[in-house]
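Structure record follows, encoded as C-alpha cells.
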Amino acid sequence: MFLGMSSTTLIILGEVLYLLIILGVIIKIIIDTDNSIKSLGYILFVVFIPVIGIILYFLIGVNYRKQKLYKKKLVENTRLFNALRREIYDYTYMQIGDHHKIIGNFERTVKMLLNDSLAPLSQAKKAKLLVNGEEKFSEVFKALEAAKHHIHIQYYIYADDEIGNRIKETLSRKAKQGVEVRFIFDDFGSHRLHHKMLAELRAGGVQVAAFYQVHLYALANRMNYRNHRKIIVIDGHIGFIGGINVGDKYINNGKHKLFWRDTHLKFEGAAVWNLQYTFMSDWNFCAHENITINKYYFNFNNEFIDDKKSQTLIQIASSGPDSTRASIMLSFMGIIMACKERLYITTPYFIPNDTIIDAIKHVALSGIDVRLLVPGKSDSLIVNAASCSNYGDLLEAGVRVYRYQKGFVHAKTIVADNTLSVIGSANMDMRSFDFNFEINALVFDEAINSQLCEVFMEDIGHSIQLDSKKWNNRSRWRKFCEAMARLLSPLL
C-alpha cells in the first residue's frame with residue numbers, strides 16, 4: 001500500500017496520524033479528568049513532550065475513578081445495612097452531644113465525614129502518640145505478642161530487612177498458635193519484597209494478599225492507585241495508624257545516616273472498628289474473599305462501646321479512587337477553616353490544590369497562628385521544586401514556613417487549636433487527595449494535642465524558618481524551574 005509513496009508523502013501521513021492521536025488523547029483527557037487545572041496540565045504535557053507525553057499520560061494519568069475499582073460495602077443485606085447506618089448516626093450524634101466542648105468548631109467536619117463515608121465518631125481508650133519508629137515498633141511487638149484471635153496488618157512499604165523479618169517471624173508464630181493473621185502489602189510500594197519472604201509467611205500460616213499486583217500490561221491503571229495506608233488491627237480492639245512503614249531505616253538506632261522523623265498512633269476501643277472496616281474492605285478486594293461484618297471481628301457488645309471514663313474521641317477518615325469524593329481533602333479544608341487559635345501542619349510533600357492553599361491563606365490572614373513544617377530537602381527534586389513554588393504566597397499571607405534540617409520529616413500531622421490532632425498516611429498533595437488509598441485519624445483529645453504540639457515545637461527547633469523577603473529574592477532561574485514544576489504538579 002505504501003510502496004509507491006514518496007518519503008515526503010509518508011512523513012506527511014505520519015504527522016497527520018500523530019496529530020489525530022494527540023487530538024484523540026486530548027478529547028479523552030477532557031472527558032475523563034474532572035479537574036480543569038489537572039486537565040490543562042495533562043494536555044500541555046501531551047502536546048509539548050512528543051510521544052513520551054502520551055505514553056506517560058496512559059501510565060500515570062488515566063482516570064479510572066469512574067470505574068468500579070472494588071466494592072467497599074461489607075454488608076450485603078440491605079435491611080442490616082440500613083439498621084447499621086441508623087446505629088452509626090445515632091451513636092455519633094450522641095458523642096457530639098456528650099462531648100460538644102472538645103469537638104467545638106470542628107463539628108461540621110465530623111458531620112461531613114459521617115454523611116460522606118459513614119465514618120462514626122467513636123470513643124477510644126489508651127490513645128498513645130508514638131514518635132518515630134523506635135517508639136512505634138516497640139509497641140507493635142507488644143501488641144502482636146498479646147494477640148489472641150486475629151491480626152490484620154497492612155502496609156504500603158514492607159522491607160525485607162531485620163525489622164521486616166522480625167515481624168514476619170512473629171506473625172508466623174502467632175498463626176501457628178491459632179491466631180488468624182491477614183497481611184496486605186502494596187505491590188508497587190513493596191516491590192522489593194522478595195518472594196521468599198512471602199512464601200515463608202504463607203508457609204507459616206499467614207494469609208497474604210498483594211494490593212493491585214503490578215504487571216507490565218497493567219501499569220496504566222495500577223501504578224497510579226497505590227494503597228498508601230498503614231494499618232494494624234489486633235483482636236478488633238487495638239489499632240495502629242500513622243505514617244511509618246515497616247523497615248530498618250525508620251528506626252533511628254545509629255545504623256543509618258539519615259534521621260527519620262515520623263509519627264504514629266496506637267489506640268484501643270470502639271474507634272478501632274472503622275479501622276477494621278477499612279482493612280477488611282481492602283482484604284475482600286485483593287484476596288477475592290467475602291468477609292462480612294460479624295461479632296468475631298466487630299464485637300459491638302464489648303466493654304469499649306460506652307466507656308464514660310474515656311476522654312478520647314477518634315474519627316477515621318479514609319478515601320481513595322473508590323470514593324465518590326475526596327473525603328480526606330474535604331476534611332483538611334474543614335479543619336483549616338474551623339481553626340480559631342492555631343494550625344500547625346507537618347507534611348513531607350506539600351503540593352495541595354488551590355482550595356487548600358486559599359484556606360490556609362484565609363486563616364493566616366485572619367490572625368490565626370499558622371505554621372507549616374516541610375523537609376529541608378525532599379526525596380524528589382521535582383516534588384521539592386513544586387512545593388517551593390507555594391511558599392511565597394503563604395509567607396506573604398503570614399504563614400510561618402519551616403524547613404526541617406535534622407533529617408527527613410515524613411510525618412503527616414495537624415495540630416488544630418487545643419483539642420484536635422490529625423495523624424495518618426495522607427500527605428498534603430494531589431496524589432493523596434486523588435490517586436492513593438489513604439487513611440487518617442482525627443483525634444479529639446487535649447493531652448494528645450498538647451503532646452503533638454510539643455513534638456512540633458521540637459521539630460521547628462531543628463528547622464530553618466523562611467524569611468519572606470529573602471525567599472522572594474531567590475534567582476529568577478530557580479523561580480522559573482519551580483513554576484515549571486508547579487505546572488506539572490497535577491502529574492506528580
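What's the ranking of 284-290, 465-471, 349-355 by average number of surrounding C-beta atoms within 10 Å, highest first? Walk me through the intermediate numbers first.
On the way: 284-290: 15.1, 465-471: 13.1, 349-355: 20.7.
Most protected by this proxy first, the peptides run 349-355, 284-290, 465-471.
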Distance in nm between pseudo-label sites at residue 418 and residue 480 (7 Å out along the Cβ direction from Cα)
5.1
Which net charge results for the neighbourhood of residue 463, defined as the other residues with beta-carbon distances under 11 angstrom from its beta-carbon, given Lys and Arg at +1 and Asp and Glu at -1?
+3
Step through the table entries 230/469; 266/340; 128/148; 101/406; 136/469, compare each Cα-Cα distance with 30 Å, and write down the pairs that go over it.
230/469; 101/406; 136/469
Answer with one residue from 206, 110, 96: the one whose Cα lies farthest towards the positive end of the charge dipole of the chain, charges on Cβ with Lys, Arg +1 and Asp, Glu -1.
206
Compute the length gained on full extension between residue 30 and residue 15: take 0.36 nm times their separation in residues and subtract their Cα-Cα distance, giving the result in nm to one decimal.
3.2 nm
Over all directions, region 327-491 yields a Cα convex hull whose mean projected area in nm² is 8.8
Determine how many Å³ per residue the convex hull of the Cα atoms of the chain encloses.
172
Applying a 10 Å radius around every beta-carbon, put 333-346, 96-109 in order of their mean neighbour count, most first.
333-346, 96-109
What's the local net charge at residue 297, with K and R +1, D and E -1, over the other residues with C-beta under 11 Å away?
0
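Taking 0.36 nm per residue of separation and subtracting the Cα-Cα distance, what length does fully extending residue 213 through residue 464 add?
Details: separation 251, 0.36 × 251 = 90.36 nm, distance 4.09 nm.
Length gained, residue 213 through residue 464: 86.3 nm.
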Cα→Cβ-extended label distance, 7 Å offset, between residue 290 and residue 86, nm:
2.6
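So what is the relative contact order for region 327-491, in percent, with contacts set as C-alpha pairs under 8 Å and at least six apart? Each step should come with its number before you reach the end.
Working: 288 pairs, mean separation 45.9, N = 165.
Relative contact order, region 327-491: 28 percent.
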When the Cα centres of region 321-379 and region 393-461 are compared, how far apart do they sit, in Å?
9
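Counting alpha carbon pairs within less than 8 Å and at least 6 residues apart, what relative contact order, in whole percent, applies to the chain? Please list the in-between numbers first.
On the way: 910 pairs, mean separation 86.5, N = 492.
That works out to 18 percent.
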Among DSSP beta bridges lying fully in the chain, give the percent that are antiparallel, nearest 5.
60
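Only the coordinates and a few stated rules stand behind these numbers; no lab work does. Not measured: the values here are computed from a predicted model. For neighbour counting, all protein chains shown are included, and Cβ atoms are generated from backbone atoms with ideal geometry for every residue, glycine included.
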